[in-house]
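Asker: Below: one structure in structure tokens.
Each reported figure results from applying straightforward, stated rules to the coordinates on display, with no laboratory input. All values reported here derive from a predicted model rather than from experimental measurement. Here the Cβ positions follow ideal geometry from the backbone for every residue, glycine too, while neighbour counts run over all protein chains shown.
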2 protein chains.
Amino acid sequence: MSKLSRYSPLLYGDSIETKRQEIKEYFHNTFDLFEKVFEVLKDDDVFYKKSEITRHPMIFYFGHTATFYINKLMAMKVISQRINPSYESIFAVGVDEMSWDDMENARSNWPEVTDVRAYRNRVRELVDELITTIPLSLPITQKSAMWIILMGIEHERIHIETSLVLHRQMPIELVKETVDFPICTKSSKAPMNELVEIKGCDIHLGVEKPSHALYGWDNEYGAFNQDIPDFKASKYLVSNGEFMEFVLDGGYENKELWSDEGKEFLELTGVKHPPFWIFKDGVYKYRTLALEIEMPDDWPVEVNALEAEAFCRYKENKSGVSYTLPSEVEYRAIYNQAQIKDIPDFHESRANLDFYHYASSCPVNEFDFHGIYDVVGNVWQWSRTPIRPFDGFKVHEAYDDFSVPTFDEKHALILGSSWASSGNLITKHSRYAFRRHFYQNAGFRYVVTNTKDEEVADIYESDELVSQYCEFQYGDTHFGVENFAKSTAAIASKYAINRGKALDLGCATGRATFELAKTFDEVEGIDFSVRFVQVGAKLKSDSYVAFSTLEEGSLATNKKVTISELGYDSLKEKVSFWQGDACNLKPNFTSYDLIMATNLIDRLYNPRLFLDTIDERLNKDGILMITSPYTWQESSTKKEFWLGGFSDESGKEVKTIESLQTVLGDKFELIHREDLEFVIKETARKYQHTISEVSIWKKK
Amino acid sequence: MSKLSRYSPLLYGDSIETKRQEIKEYFHNTFDLFEKVFEVLKDDDVFYKKSEITRHPMIFYFGHTATFYINKLMAMKVISQRINPSYESIFAVGVDEMSWDDMENARSNWPEVTDVRAYRNRVRELVDELITTIPLSLPITQKSAMWIILMGIEHERIHIETSLVLHRQMPIELVKETVDFPICTKSSKAPMNELVEIKGCDIHLGVEKPSHALYGWDNEYGAFNQDIPDFKASKYLVSNGEFMEFVLDGGYENKELWSDEGKEFLELTGVKHPPFWIFKDGVYKYRTLALEIEMPDDWPVEVNALEAEAFCRYKENKSGVSYTLPSEVEYRAIYNQAQIKDIPDFHESRANLDFYHYASSCPVNEFDFHGIYDVVGNVWQWSRTPIRPFDGFKVHEAYDDFSVPTFDEKHALILGSSWASSGNLITKHSRYAFRRHFYQNAGFRYVVTNTKDEEVADIYESDELVSQYCEFQYGDTHFGVENFAKSTAAIASKYAINRGKALDLGCATGRATFELAKTFDEVEGIDFSVRFVQVGAKLKSDSYVAFSTLEEGSLATNKKVTISELGYDSLKEKVSFWQGDACNLKPNFTSYDLIMATNLIDRLYNPRLFLDTIDERLNKDGILMITSPYTWQESSTKKEFWLGGFSDESGKEVKTIESLQTVLGDKFELIHREDLEFVIKETARKYQHTISEVSIWKKK
């Protein structure tokens, strides 16, 4: 067993108590390992540095993996009390690659490392306690409360790997060697690469719920089949030595070898060699986690997908044979031919992963799997396949933006895991994908194949609920009821006194955010779900929204709406979209002349957390507009937190509008009420027809 | 352990395989025991006799418990293939007390006993196989497929007891003694009864999902609390000897002692003594299962609740002390004071139940529980409490009419179990209730109490889905859309050619059935759910419907609609309501001039089973009217059975209306199509607004 790491526990088992104990060990092992990763940073000051301009400073990640447990446990109502609402807001959003980030770099904006460490300990105690006490039956399923804890653990495992990459990108004087992360000391001349025959076969991807024995992310479930012919794959990962020829031959200067995206990347960054190569005094050296060493020619080169593709084209130009990166299905064929067993039957000594051998790459000819090397471990291997949902894909409601934002044909799969991978990352069915310009502990192997990839024509939103909202906001009107986003924005604009900055809270797919920008200087749209937010963001960035609307059974119509048709060309610089929790908004969302909360309050886990302080985010004469049909339901809001729709202890009926007057009365004056209908299409023949109440509140 | 019976298996356990084995043993034990009960019948001819005019002939019950497994497994989609559709229709409805029965007594209408026996064996094999193979995780919950099997087993356990009562009511020459069911041979003078002090306490009724360790029927879950003062309860069940005084003193002739319902019972039946007493040659003898014996004075008397109440009133008149039957809560206080352990910790040797000692009653002073006798076992004990749902009650979807039809304040609880009880019937939390005139192996003990029972004012339908449909059919209109039941009946009447008999299939709460009776001579309303059917039946029998409609959150408005307001006074003799499965209708539902299938086809588990033969039930020139929004969903209909709303193998979109034309085209002419809107209220602000398509088909 690895000194540092443990395998993910099985979902099955005979004894509840034994299972709790296994999960507890796995949790603490993960929490410990993550903290060991931060011991690589030289001192506390380094926590406030970014190693990459597009990423957060390291303190963010240090807090983030702990707050993730709390935020998910809160959202799923496993717990009802936060530990530190402020931390759980500022450390909340980690998908920084998507530019939802809005925190400055300055140390003063972030908590002290010691405080965050103390916070982590409190989270550790709480989660430990929950593992002992929450209801548990076996097997653990996606519906179990324990699933949320496993999700927190596997999320932390991902950050163990990505944080190690960020540390490796830090200026070398800011990091230090630690005993836990020893590098490989072997290296020699690169072996000559060659092609190995891989047998074609009918490949089935995807695991089944609930029979699979391991925790999986949403994108692993479902089914995808493809029958592929024989092909050839490189015996070894491409080594630094093999890649050197491309570099020395001017590969980075020869634009013909690069895709459009690759050319753009070269222009923006000006790179001339792989990221962990250092050109010094006429020779290339190599950066490990904390050291600069002689170039290890026989270790795998680490590049992004754009560089890997350029290398393939270079090799093709020289040989006349068409080289490419493997598809997802081809990789599985390689995996099968290599006769690899899945976790837990796989022994980590067989590959460079799970921190068993090294905290670095190692020679590409060290780990042999029946004639093909490093099928798993050493470094990840870029695929030419963008990540796509399998048939039957469903988001897990606790983390609905784990995969969906990556289903944009721009995120390519990385395959096989690296020395820094553990937990779910080293399991057979896991699927991780990054933008092609992104750096990880990732290199590549090439293939020679006749398989034609399926064309993916246009990207219609396939998420049923998001599509339903797209139709609601951008689609047709029904029963003579006007577009609701337009109506609410018009009412808000009418009652607003000043028209500087507006907040569209619960913005869903963003239509009202754009509509408000017709009268406001600046509008921010916030929704709890990134799945929704990204529709508005896409309309802003790509100038269109594409979705499908259900007509009958599973038959649907595809629709595409452009920013020009909508008349929003001139508005897109005024709007921005953010993920956020209305019950725990970040402090920077403030100074508004209007806050519009549309069909939001009866879906919050605790609406008082929103209402009690919302006045602080409004300017003088600011307007709060609340729109709601008051459809309280226990699945969204525990009954004790309902604002109305129940009888109090004396038997008196409590209506929501009365509670709003009580709660907001001290700080706001109610200046207007009206009913406003809306219609949401489910199919061509079935609609939700709702009458919301609009109430307009002027800040006193 | 009882020679004949086994305890219900625990839902919990560590080993899946062991649990399958336990369930398998319990299943076969139950199936065997049920068949042993029928060995009491002298020969196969007796299977075609009724022992009670309101009940089915015994062959029905013999088939019924087997078809129950299949019908429930089909409805829950655990299996997709029937064994014998005809049997599974004619043996389907067993709640004969509710008068849904429509089968004649003649032997010719029923299958042969040998054929039914062969059918039972096929069911036995299938269920055995399923117990081995269906997905299983522990604990078993209400959502498990295995729950449906446990439901089938516990259902059969109920019929073991009720069939023994029916056999005991058979003419004695039609039954025989068997070795499996030996009666008690002890009897002597009745002991003098006395009152025992029971300590008042705070009683909590109801078990929690999913923590309870045993299978439970829907009515056992939820919570009910009541704090009761001290009271007194009779030490013994009332014996034949004790009851004799009431009989000899003219208790059955003295109308003052009887409730209104009791007087009605006396008039209808003319009974003069308990049902298992036989007055012969000037003395009372006693009937056991298969024998006539000397009156066992010290055995408990068996009476219905009306007789038990009359006895209490008689005793009160004589003593000036107020005697009554125990309430449900008082019985639990007795149970607690008796320090009885629940199954499986209770040993059956401690009481006369589970077929451990006798297949008859035994002396009331044989089984002592800390000073009070027969708290469980011997005979059931009538309660004064009508069965009511506990807070948090929810039906189990596989058997939604198990309890709900009994929540009518007319079904009184029976407590404590009898010698013929086993399985769920002998568990602490089980709750069974019967109409007060009904006979079981039931007697009573009396109490002297100051506890005032809660008044239950009026009976508003508390079933949320049924209420929603009541509002839909009998409530207000919204968005200017006409009442749908009235509109469909009007369209049907317009296109009907002859106006003899009409069938309202999927009648829900029955409004359209009444509306059709305005133009048809006779209308039958059928729905899959008794919960719905009983609303129409109640309107017919009680001349009103009462329901509540949700307004905001959990706040509701109570509504009551009378038959006079609706203008249906003169129609009620023309309508009747039946439970039935549109995919497997009984043969007697035939000879219609109109069949109206309203919002039905997209909710059937296999709509082709309905469509392929429906023409056979129509008269010449008969009209089939189908109304549907075609909202196919996998939760109702497996996708392979959808009629439309999918793309076929060639990629062509298949619409439902096209499939209807294909399927019905040979036998029907499509004479009219129109769209018809309907609106279902969820709350005062939220509605389902749907556009169904009406298609009118004339039989060729």
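Asker: Mean 1/r over all different Cα pairs, inverted: what Kirkwood radius does the protein assembly as shown give, in Å? Present the calculation step by step, with values, prior to reporting the outcome.
Answerer: Numbers: mean 1/r = 0.0275 Å⁻¹.
It is 36.4 Å.
Asker: Using amide H atoms built in the peptide plane, which far-off residues or other-chain residues are under 5 Å from A:W632 H to H?
Answerer: B:G553
Asker: Using only the Cα atoms of the range B:115-219, what are the Rg and Dmax in Å?
Answerer: 21.1, 56
Asker: Please report which chain B residue places its beta carbon nearest the axis carrying chain B onto chain A, with the distance rounded to a whole angstrom.
Answerer: Here the value is B:H689, 2.
Asker: Any idea how far the Cα center of the range A:647-695 sits from the one of the range B:147-197, in Å?
Answerer: Here the two parts' Cα centres lie 58 Å apart.
Asker: Shielding of A:137-147 by partners, i.e. mean partner chain Cβ atoms within 10 Å per residue?
Answerer: On the way: counts 8, 5, 3, 1, 1, 0, 1, 0, 0, 0, 0.
For this peptide, the per-residue mean of nearby foreign Cβ atoms is 2.
Asker: Where the centre of each part is set by its Cα atoms, how far does the range A:287-333 sit from the range B:530-609, in angstrom?
Answerer: Going from one Cα centre to the other spans 70 Å.
Asker: Would you please give the residues with an amide H less than 5 Å from that of B:L353, counting only those at least 5 places away or on a separate chain, with H modeled from the backbone geometry?
Answerer: B:N378
Asker: To one decimal in nm, how far is A:D621 from the same spot in the other copies, if labels go 7 Å from Cα toward Cβ? Please give the shortest first.
Answerer: Those label-point separations list as 7.8 nm.
Asker: What shape does the range A:16-174 have by the C-alpha gyration tensor, where a ≥ b ≥ c are the square roots of the eigenvalues, rounded means a/c under 1.5, and otherwise prolate means a/b greater than b/c and oblate the rest? Mind dumping the intermediate values first?
Answerer: Working: a/c = 2.08, a/b = 1.76, b/c = 1.18.
Note, shape of the range A:16-174 comes out prolate.
Asker: For an R0 of 45 angstrom, estimate the FRET efficiency from the Cβ-Cβ distance between A:Q661 and A:L465 and round to the nearest 0.05. Walk me through the intermediate numbers first.
Answerer: On the way: r = 32 Å, r/R0 = 0.72.
With a Förster radius of 45 Å, E is 0.90.
Asker: Taking the DSSP beta bridges in the protein assembly as shown as the whole, what percent of them are antiparallel, to the nearest 5? It would help to have the intermediate numbers written out before the result.
Answerer: Numbers: 129 of 177 bridges.
Within the protein assembly as shown, antiparallel bridges account for around 75 percent of the total.
Asker: Arrange the peptides B:47-56, A:18-27 so that the one whose residues have, on average, the most other Cβ atoms within 10 Å appears first. Mind dumping the intermediate values first?
Answerer: Values: B:47-56: 15.7, A:18-27: 18.1.
Highest mean packing first, the order is A:18-27, B:47-56.
Asker: Same structure again: Do any trypsin sites (Lys or Arg not before Pro) in the range A:626-657 lie in a loop, going by DSSP, with at most 13 other beta-carbon atoms within 10 Å of their beta carbon, and if so which?
Answerer: In loop regions of the range A:626-657 (DSSP not H, G, I, E or B), the sparsely surrounded trypsin sites (Lys or Arg not before Pro) are A:K638, A:K652.
Asker: Another question, if that's okay. Using modelled backbone amide H atoms (1.01 Å from N, in-plane), which distant-in-sequence or interchain residues come within less than 5 Å of B:V175's amide H?
Answerer: For B:V175, the qualifying residues are B:K42.
Asker: Something else: What ³J(HN,Hα) values, in whole Hz, does the Karplus curve 6.51 cos²θ - 1.76 cosθ + 1.60 give for the range A:217-225 when θ = phi - 60°, with x put for Gly and Pro?
Answerer: After applying 6.51 cos²θ - 1.76 cosθ + 1.60, I find 6, 3, 5, 7, 8, x, 9, 8, 10 Hz.
Asker: Another question about this same structure. Strictly under 4.7 angstrom between C-beta atoms: which cysteines of the protein assembly as shown have no such partner?
Answerer: A:C201, A:C312, A:C470, A:C507, A:C583, B:C201, B:C312, B:C470, B:C507, B:C583 - these cysteines have no disulfide-compatible partner (Cβ-Cβ under 4.7 Å) in the protein assembly as shown.
Asker: Put the label 7 Å from Cα along Cα→Cβ for B:N450; what are its distances to the other copies, in nanometres, shortest first?
Answerer: Counterpart label points of B:N450 in the remaining copies fall at 9.7 nm.
Asker: Could you tell me the center-to-center distance, by alpha carbons, between the range B:500-519 and the range A:1-47 in angstrom?
Answerer: Between the Cα centres of the range B:500-519 and the range A:1-47 lies a distance of 65 Å.
Asker: Shielding of A:674-686 by partners, i.e. mean partner chain Cβ atoms within 10 Å per residue? Provide the component values of the computation, followed by the final result.
Answerer: Working: counts 0, 1, 0, 3, 0, 3, 1, 0, 5, 7, 4, 11, 8.
Average per residue, whole number: 3.
Asker: How do B:D615, A:D354, A:D581, B:D281 rank when sorted from fewest to most other Cβ atoms within 10 Å of their own Cβ?
Answerer: Numbers: B:D615 17, A:D354 27, A:D581 22, B:D281 5.
Result, fewest neighbours first: B:D281, B:D615, A:D581, A:D354.
Asker: Could you run the Karplus curve 6.51 cos²θ - 1.76 cosθ + 1.60 with θ = phi - 60° over the range A:584-590 and give me ³J(HN,Hα) per residue in whole Hz, x for Gly and Pro?
Answerer: Along the range A:584-590, the couplings run 7, 5, 5, x, 6, 7, 7 Hz.
Asker: Another one. I'd like the trypsin sites (Lys or Arg not before Pro) in the range A:514-567 restricted to DSSP loop residues with at most 11 other Cβ atoms within 10 Å, sorted by number. Show your work: numbers first, answer last.
Answerer: Working: sites: A:K518, A:R531, A:K538, A:K540, A:K559, A:K560; in loops: A:K518.
Loop-located and lightly packed - none at all.
Asker: Stretched out fully, how many nm does the piece from B:S322 to B:I497 gain, at 0.36 nm a residue minus the Cα gap?
Answerer: On the way: separation 175, 0.36 × 175 = 63.00 nm, distance 6.46 nm.
In short, 56.5 nm is gained.
Asker: So how do A:309-316, A:76-83, A:602-609, B:171-178 stack up, highest first, on mean other-Cβ count within 10 Å? Please report the intermediate quantities before stating the final value.
Answerer: On the way: A:309-316: 21.8, A:76-83: 15.8, A:602-609: 19.6, B:171-178: 14.1.
Order by mean packing, descending: A:309-316, A:602-609, A:76-83, B:171-178.
Asker: Where the only charges are on Cβ atoms (+1 Lys, Arg; -1 Asp, Glu), what is the dipole of the range A:333-378 about its Cα centre, to the nearest 20 debye? Can you show the working numbers first?
Answerer: Details: 2 positive and 7 negative charges, 11 e Å.
Dipole magnitude for the range A:333-378 comes out near 60 debye.
Asker: Calculated from DSSP H runs of 4 or more alone, at -39500 (n - 2.57) each and per residue, what is the 222 nm mean residue ellipticity of chain B, nearest 500?
Answerer: Values: 15 runs with 193 residues, N = 700.
Mean residue ellipticity, 222 nm, calculated: -8500 deg cm²/dmol.
Asker: Would you please put B:136-143, A:465-472, B:33-40, B:63-70 in order of how densely packed they are, using the mean number of other Cβ atoms within 10 angstrom per residue and starting with the highest?
Answerer: Working: B:136-143: 17.4, A:465-472: 22.1, B:33-40: 18.9, B:63-70: 25.2.
In descending order of packing, they fall as B:63-70, A:465-472, B:33-40, B:136-143.
Asker: Here's something else I'd like to know. On a 26 Å Cα-Cα criterion, which of the cross-link pairs A:K143/A:K586; B:K19/B:K72; A:K77/A:K667; B:K255/B:K315; A:K189/A:K280; A:K681/B:K638 come out too long?
Answerer: Long pairs (Cα-Cα over 26 Å): A:K143/A:K586; A:K77/A:K667.
Asker: Label position 7 Å from Cα toward Cβ: report the copy-to-copy distances for A:A223 in nm, one decimal, ordered from shortest.
Answerer: 4.4
Asker: While we're here: Other chains near B:555-562: what is the mean number of their Cβ atoms within 10 Å of each residue's Cβ? Working shown, then result.
Answerer: Working: counts 9, 1, 0, 0, 0, 0, 0, 0.
Counting other chains' Cβ atoms within 10 Å and averaging over B:555-562 gives 1.
Asker: Please work out the FRET efficiency for the pair A:K639 and A:T114, using the Cβ-Cβ distance as r and a Förster radius of 41 Å; give the result to the nearest 0.05.
Answerer: On the way: r = 40 Å, r/R0 = 0.98.
Result of the calculation: an efficiency of 0.55.
Asker: With θ set to phi - 60°, apply the Karplus curve 6.51 cos²θ - 1.76 cosθ + 1.60 along the range A:193-205 and write out the HN-Hα couplings as whole Hz, x wherever there is a Gly or Pro.
Answerer: Running phi through 6.51 cos²θ - 1.76 cosθ + 1.60 with θ = phi - 60° gives 7, 8, 9, 10, 6, 10, 6, x, 6, 8, 9, 10, 9 Hz.
Asker: Relative to the present Cα-Cα distance, how much length would full extension add between B:T185 and B:K486 at 0.36 nm per residue of separation? Each step should come with its number before you reach the end.
Answerer: Working: separation 301, 0.36 × 301 = 108.36 nm, distance 6.47 nm.
Working it through step by step, the gained length comes to 101.9 nm.
Asker: Which FRET efficiency value, to the nearest 0.05, do you get for B:I53 and B:D342 by plugging their Cβ-Cβ distance into 1/(1 + (r/R0)^6) with R0 = 41 Å?
Answerer: Numbers: r = 38 Å, r/R0 = 0.93.
Between B:I53 and B:D342 the formula returns 0.60.
Asker: Next question, about the same structure. According to the square roots a ≥ b ≥ c of the eigenvalues of the Cα gyration tensor, what is the shape class of the range A:464-699, taking rounded for a/c under 1.5, prolate for a/b larger than b/c otherwise, and oblate for the remainder? List each step's numbers first, then the result.
Answerer: Working: a/c = 1.83, a/b = 1.24, b/c = 1.48.
Judged from the Cα gyration tensor, the range A:464-699 comes out oblate (a/c at least 1.5, b/c at or above a/b).
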